[in-house]
Each structure stands twice: as structure tokens, then as C-alpha cells.
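Bear in mind that the values in this text are calculations on the coordinates, not laboratory data. Predicted model only: the values in this text are computed from it and were never measured. Backbone-built Cβ (ideal geometry, glycine too); neighbour counts: all protein chains shown.
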Amino acid sequence: MVPTSTPERPRPHPSHAEHPRLLVPARSLDDVTAAATLLDLDDAFARALPALATPWAAAPFPDPQLVVLNEPLAAELGVDPAALRTPAGTGLLVGRVPEGVRTVAQVYAGHQFGRYQPRLGDGRALLLGEVRDVAGSRRDLHLKGSGRTPYARNGDGKAVLGPMLREYVLGEAMHALGIPTTRALSVVTTGEQVPRERLLPGAVLCRVAASHLRVGTFAYAAATGDAALLRDLADHAIERHHPGLVGAPDRYLGLLRGVVDAQADLVARWMLVGFVHGVMNTDNTTISGETIDYGPCAFLDAYDPAAVFSSIDHTGRYAYGNQPSMVLWNLARFAEALLPLLQAGTEAAGTDAGTDAAVEIATEVLQGFAPRYQAAYDRGMAAKLGLDAPDPALAADLLELLHAQRVDHTGFFRALSAGTARDLFTDRAPFETWAARRDALLPDDRAAVATAMDAVNPVHIPRNHRVEEALDAATAGDTGPLHRLVDAVTHPFDDRPDLTDLAGPPEDATPYITYCGT
Ligand code: AMP
Ligand code: MG
């Protein structure tokens, strides 16, 4: 699982010199001046790393209409939701920024399904800027669907309502489950019809993130061969995500360690809750350790390590059970990008021996991934089972049973605390044997065990069939089911009688597929 060979050396490639730096076009700002006071947008990223930030303006949109606003998140940002509901506020959420605010498209590279793409970048997205939230943390405000940029390649730069609402719902569900994630502040329809498999309402998502620094951002900087750029990027990431390391002589090694740990913890959380990301390319792997880019993702219904929901993942590279290995693979690409910085800290810097020394220390850090992941997973599984201490063999045997009998992953753990789990098995004998083993390990106060389990095992995950229903209704103009679903998944541990229809798996077991037509 851990890479043992020398990582391939990054190669320089034709870089940013070739793409234009456009000025933000002047336009009528009558109705946006009021929005100027709404958000204090800083452009720290663009100032620190101009080579990675192309100034670019959002496309004009005929009729922006707010479909959903995340009021709790607005409050976290210290923004009055009522102000965001005004035309000026809604305009801001589709990129109509006050004069003087510089929005940028970020450039990055990425390994897509294992294949290196030297230049991806925000093809249909823009960084509005950074704000300080009420807790004092810096958060990115970022638009998706805001029009073509120099990185659009063949894309139209647009997004449509369904997939943007999906990102809203999934992000809120993950957040409510306590899993680090980017979150949607709003989804606004643009008044345009966008051609996909048919004409669909165009929409812009406003996303809030700890940052949009990705493994692919580092791959891009490393591939330019510009050592100063790579160093500036790493220092920027350290200042933002690991301020304790600022100025430390071994800070780049500390950054690598910090990202490895954050990603190990994150993927353990995904696995415990049955989340399948679907496109774990290195451009979708954050330095912050937040989940990002909810495309063809889904939660498991029946437990199955081979579960794949994305229509484009033909080989099962990003199958549920492969996710820890794929995160590690992505982290190895991150370590490769950092090699020049890690080498600079060695005695033999600048020589082949310096490279070897850097590879060695990077490999050592990557070797820390597996135990970190396993410990986080084992602890989480113990909590799900109501045990005081991890019992990996007991957990593994359970998962084999769930898999063999296609038992619903989320439903099982709530049924276990309720004492009704045996009903989920067609062949009950092996489950009874397993349950007796677990019983022997349980603390005496069974009521307390059940309460503790119910605090970590959700009733409500965004079930795929319910997400589809809600998005279809919203696309047809009815946001009622969407709001009901958001209500359920933002209170995932509450067993609410009025929402039980949203809790279970679908009656028919048709395999669920999500398409990349985002
Ligand atoms: P994603 O799969 O959303 O992570 O996107 C991968 C890359 O494709 C990123 O560089 C996106 O900006 C770009 N992209 C995706 N959809 C579009 C689109 N409709 N127009 C332009 N670029 C796009
Ligand atoms: Mg992406």
C-alpha cells in the first residue's frame, strides 16, 4: 500500500506565460454598491500567489434568483441573511462584485483517474475572495458555474441547478455528521437555460471552504520548475492551515505530515459513514483536509466494498473500499511536489544524494498514513458498535456479514442499538453468533451504550433516491422536498416521526449511478 520506489521526478512544462491576464471589465454597478458592505472580501491568495491567480470576472446573468440560502452558514460568516436576499446580495452570490474587488480563477494541475493533466484550473469557477468568519478563521468564498475562464477547455463554464443543489445537500449532511467539508452558502438560478442532456436551469453555487488549495495546486507549482513559486505556495498553505509552523526550519516536512494526518482522518470518517466520493483526483484532494467537489458521490445503502456510483469510473478506481489507498496515492503525489523543498532542508541539498534524502523522509511520512488511518477507523468503529475499546476482528467479521447478506449500512447500526438488527438478516444464525461475541464485550449499562451509539450512528444520510427526488422537484420548480431533505440530513441523529420516509433505503435495489453531467 505504501509506495516504496522513488517517486517520479516532476518535470517542468510550458506554463502560465501563455495565458492572458485580463482586467475585470467595467460594468454598471448601480445595484451592487450596497453589497460592498456585506462581505469584507480580501484577496490574500491573489496577492501572495499572482502566478496561480488569473483575474477574471463572472459572466453576466439575465435573472439571478435565490433558490436556497444557508442561513446558519451566513451567520457563521457574520453576514445578515436578509441582505443576501436583496437583489444586491443575490448579485454578489453570482459574482457581481463591487468595484475594486478582484475575483480570480485559480490554476492547478491534477491526476485525473491516475493520468496527469498539467493544467486544469477553475474552468467554470472563481474565487470571490477570503473573509474572516465570526470565529476569526479565514474562509474562501468561491463560485461554481460563473462562466468560462481561460481554464474552461471545451466546457461551457456553466453549471445547472440539480448538481449545485446536490453539492448543497451533501455538504450540509457531511457537516452535520461532523465530517470536515466545504459547504454551500447559496444556490442561485441565473435565468439561463443551459444545454445538458436537455435544457436545464443554469445555476451558480457559492461555496465556503477553509481554502481551495489542492494537491493539484502543488503539482502545478512544482511542474513550473519555479522554486520560489513552490516555496511561496507552501508558505501560504502553512500560514493558513498550520500557523504553528510559520518560520520553523522543518516547516515543509511539518506541512506534509499535517496534510497526511488530516487526509487520513478524513477518509476514515468517510469510510465509517459509508460515503463514496467518486472522483478522488488530486485536484479534488484538499490541503485543508476538507471534503470537496460533490459530483458523482453517494452514500452506501447495502454495505459493499466494491460499490461505485460514478458512470465514468469504469475500473472501480474510486470504489468505496479503495478510498484509503487512493488518498494515500494522492498524498504520494503531494509529497513528490514538495521534494524540492524537503531537499533544501537536507545536508546534501542540490545533489542526487539530496534528492534521495528528501525521498526517504517523504516516504517515512507517507508510511505514517496507514497506522493513522487505521487508528481513526478502529476508534470510530468501536464507537459505532458501543464498545469501549476497538476490536478490529469483531468489526471485520461484521462487515463480512453485512456484505454477504447485503444489509443496509446506515440502518444496521441504529437497529443494533435498538435491538432489532437481527431482522435485517435473511440468514440470522451467523449474526446471532457475532452478536453474542459483541455482547460479551459491552459495558453493563446497556441504556447508556444505546444512547452513545445513537449519538454517532445517523438515522438520516442523504439517501440517493431521496436526493434525486428532491433535485427533480426543485428543477421543476418545487423546493418543498429539498427543504424537507435538508431538514432531515442536517439533524442526522434525530429519529423524527415526520421524516421516517426519508430514512430507509429504496424498496427496489436498482444500482444507483450518478453522471458527471454537472
Ligand atoms: P471537477 O470534475 O468538477 O472537479 O472538474 C474538473 C475540471 O473540469 C476543473 O478544471 C473544472 O473547472 C473543469 N470543468 C468542469 N465542468 C466544466 C464546465 N462546464 N466548463 C468549464 N470547465 C469545467
Ligand atoms: Mg474539482
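One residue stands out in region 279-298 among those that are under 25 Å from Arg414 (Cβ atoms) and assigned to a loop (DSSP other than H, G, I, E, B): the one that is farthest from ligand 1 (Cβ to nearest atom), namely Cys297. Quick one: would you say Ala210 is more than 12 Å from ligand 1 (Cβ to nearest atom), touching a Phe, Trp or Tyr at 6+ places or on another chain (Cβ under 8 Å) and within 30 Å of Leu502 (Cβ to Cβ)? When the stated conditions are applied, Ala210 does not pass them. Only residues that are in a helix (DSSP H, G or I) and of a type in the set (A, V, I, L, M, F, W, C) were counted across region 304-349, and they come to 14.
Of everything in region 244-278 that is assigned to a loop (DSSP other than H, G, I, E, B) and within 16 Å of ligand 1 (Cβ to nearest atom), the residue that is surrounded by the fewest Cβ atoms within 10 Å (Cβ to Cβ) is Gly278. For residues in region 294-335 being within 16 Å of ligand 2 (Cβ to nearest atom) and among the aliphatic types (A, V, I, L, M), which is surrounded by the fewest Cβ atoms within 10 Å (Cβ to Cβ)? Residue satisfying both the conditions and the ranking: Ile312.
Residues that are in contact with a helix residue (DSSP H, G or I) (Cβ under 6 Å, 6 or more places away or on another chain) and more than 16 Å from Leu143 (Cβ to Cβ) were ranked within region 50-73; the one that is surrounded by the fewest Cβ atoms within 10 Å (Cβ to Cβ) is Glu71.
Here is the figure for region 91-150: residues that are more than 24 Å from Thr190 (Cα to Cα), touching a Gly at 6+ places or on another chain (Cβ under 7 Å), more than 9 Å from ligand 1 (Cβ to nearest atom) and not in a loop (DSSP other than H, G, I, E, B) total 0. For region 105-147: of the residues being charged (D, E, K, R) and within 16 Å of ligand 2 (Cβ to nearest atom), which is nearest to Leu205 (Cα to Cα)? The selected residue is Lys144.
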